[in-house]
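Undergrad: Below: one structure in C-alpha cells.
The values are calculated or read from the model by the stated rules, or taken from the named source; none is laboratory data. Note that the coordinates shown come from a computational prediction; the quantities given were computed from them, not determined experimentally. Don't worry about glycine lacking a Cβ; one is built from the backbone with ideal geometry, like all the others, and counts go over all protein chains shown.
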Amino acid sequence: MNSRSQLFLVGLISMTFLGCGKSTTPALISKPESDSVPQQGPQVLSNASREETNTHPQKLKPNLRPAEVRNQMPSSEGKWKNPVSLDDAVDIIEFAQSKGLSENVDALTLIQKAGDSDHVLAGTWKLTMTNLTCADGLLEGSPGVPVTDGSELWLCARIPFRLYIPKGPFGESRINSIKGARKVVAARHEIRSQPCLLTENSTLRPCSVQEYQALIIQDRTDNLFYSESTRAQVLIAGQFNPKLRAILEKNKPLKDYSMTIYFRDLKHSSSLACQHSWGFYRSGALREHDWDSDDLMTWNTTGAFTGMVPDYFHTDPAKSPMMTSAMLFAILLLDPEGHVLASADWN
C-alpha cells in the first residue's frame, strides 16, 4: 500500500494514552499540550457520520411504516432464532423518532430513553447508512491511491457505535454465508487519533507530527499504534461491478449506494463485556489482518514473553471505559436501483 495515502488520515484529537511496562502493569502517558485539540462529540445514529470534510451531511430517508409498527420494541427471546429473519429487525431511526427523538440522536441517549434497567435496548435492529466511502485513504482503491482493473476495493461505512462480529470460543468465524465480496470486517481502531510509538521500555508514547511525517517519507509506519474507537467501521472487500468501479476510479461520492446493518442488543456497558482489554492496534498488523480488530486481540498477538513488537497493545483492564456497542448478524450492500451487490450473515 502507498503509505503516503495515510496523510489523509491524521486528525489529532485530545486524549490520554496508556502504556504498559515490561510486565502487564500499565503506565500513564500524557499527550504533549502543544498537540492538543478539542475532543470529538458523541456519535449520532444518523447515517451521516459527522465527517469533518462534509459540511452538508446526507440525511437518512427511511421507508416509514405506520406509527403503531414503528414504536414497537422488536421481539426479544432468551435464545436467538437461527438464522434470524431480517424481517424481524426494526429500523432504529424510525423507532427513535416514534419516541420523540431526532434521527440524529446518539445511541446512548436512545438507550437511556427506551432501554431497560441494564442499559440494553434488546432485540433485533437495522440501520441504513448512505454516506459510504472507499475506506477513507486507508486501503487500496482509496482516495489518493490509484484504482487499477485488478484492485480489490474496500467500501466503508462509519457506524456511530462499536460493532462486534460473532466469533466462536477460539476466535473462529461464525459466518453463515457471504456473497458478492471476499470479506466483511468491523474495524474498531480510531484512525483519526494521534498514533503512538513503542518505547524501549515497552511503553507507548505519542508520536509527534514531525515524527509521523518522517515515518511516512521513510515508509516506516507499520509500527505506529492506534487506539480503540468509540465507533466502528464496517469494511466490505471485493471486486464489485464495473459501474461501481468507474465511480471510485474518478473519486466521486457513492451517491445513492447504501449499506444496511442488522444487529442485536444495543447496550451501554463496560468494554470488557465484549473484549478482554482496551488497547492499541499496530498499523502494520491491521493491514496484514484485513483490518479485522478481533484477529489482533487473540492472546498470541500481544508479543508477551517473546520480545516481539505486539500486534495489539494491552492496557489495564481496570481502566477500560464504558462503551455503546452491539452484535452484528447481517449486512446488505445495495446499489441505487436496490439490487444487492454484497451480503453476509452470521449465527
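Undergrad: What number of residues within the stretch 154-168 are farther than 30 Å from E103 by Cβ and either aliphatic (A, V, I, L, M) or part of a loop (DSSP other than H, G, I, E, B) (or both)?
TA: So the first thing to find is which residues in the stretch 154-168 are farther than 30 Å from E103 by Cβ, and the list is 167-168.
Keeping just the survivors that are either aliphatic (A, V, I, L, M) or part of a loop (DSSP other than H, G, I, E, B) (or both) gives 168.
Count: 1.
Undergrad: Could I ask something else about it? Report yes if some residue within the stretch 325-332 is polar (S, T, N, Q) and either at pLDDT 90 or above or under 17 Å from the mean Cα position of the chain (by Cα) (or both); otherwise report no. Give the steps one after another, and end with the answer.
TA: Keep residues of the stretch 325-332 that are polar (S, T, N, Q), which gives 325.
If we keep only those that are either at pLDDT 90 or above or under 17 Å from the mean Cα position of the chain (by Cα) (or both) too, we end up with 325.
Within the stretch 325-332, one or more residues are polar (S, T, N, Q) and either at pLDDT 90 or above or under 17 Å from the mean Cα position of the chain (by Cα) (or both).
Undergrad: Okay, moving on. So, of the residues in the stretch 191-213 that are modelled with pLDDT of 90 or more and among the charged types (D, E, K, R), which turns out to be surrounded by the most Cβ atoms within 10 Å (Cβ to Cβ)?
TA: By that ranking, first place goes to R205.
Undergrad: Now, a different point. Could you look through the stretch 256-283, keep only residues that are aromatic (F, W, Y) and closer than 25 Å to L155 by Cβ, and pick out the one that is surrounded by the fewest Cβ atoms within 10 Å (Cβ to Cβ)?
TA: Y257
Undergrad: Can you tell me how many residues in the stretch 185-231 are under 21 Å from V309 (Cα atoms), in a strand (DSSP E or B) and of a type in the set (A, V, I, L, M)?
TA: Number of matching residues: 4.
Undergrad: In addition: Checking N223 against (1) within 30 Å of V340 (Cα to Cα); (2) surrounded by 15 or more Cβ atoms within 10 Å (Cβ to Cβ), which single condition isn't satisfied?
TA: (1)
Undergrad: Next question, about the same structure. What are the residues in the stretch 245-287 that are in contact with a helix residue (DSSP H, G or I) (Cβ under 6 Å, 6 or more places away or on another chain) and either of a type in the set (D, E) or part of a loop (DSSP other than H, G, I, E, B) (or both), if any?
TA: Hits for the stretch 245-287 are S277, W278.
Undergrad: Using the structure shown, decide if R192 is under 24 Å from L153 (Cβ atoms) and out of contact with any Pro (no Cβ under 6 Å at 6 or more places or on another chain). Outline the logic, then answer.
TA: Details: under 24 Å from L153 (Cβ atoms): yes; out of contact with any Pro (no Cβ under 6 Å at 6 or more places or on another chain): yes.
Yes: the conditions hold for R192.
Undergrad: A further question follows. Determine which member of the set S258, S208, S202 is in contact (Cβ under 8 Å) with a residue 24 or more places away in the chain and under 30 Å from M327 (Cβ atoms). Full working, then the answer.
TA: Working: S208 fails: under 30 Å from M327 (Cβ atoms); S202 fails: under 30 Å from M327 (Cβ atoms).
Within the list S258, S208, S202, the selection yields S258.
Undergrad: While we're looking at this one, here's another question. Could you check how many residues of the stretch 69-99 are modelled with pLDDT of 90 or more and either in contact with a His (Cβ under 8 Å, 6 or more places away or on another chain) or within 24 Å of M323 (Cα to Cα) (or both)?
TA: Looking only at that region, the number is 10.
Undergrad: Considering every residue within the stretch 169-184, establish whether at least one is part of a strand (DSSP E or B), in contact with a helix residue (DSSP H, G or I) (Cβ under 8 Å, 6 or more places away or on another chain) and buried (at least 16 other Cβ atoms within 10 Å of the Cβ). First the steps, then the outcome.
TA: Kept after step one, since they are part of a strand (DSSP E or B), are these residues of the stretch 169-184: 173, 175-179, 183-184.
Still in the running and in contact with a helix residue (DSSP H, G or I) (Cβ under 8 Å, 6 or more places away or on another chain): none.
So far as the stretch 169-184 goes, no, none of its residues is part of a strand (DSSP E or B), in contact with a helix residue (DSSP H, G or I) (Cβ under 8 Å, 6 or more places away or on another chain) and buried (at least 16 other Cβ atoms within 10 Å of the Cβ).
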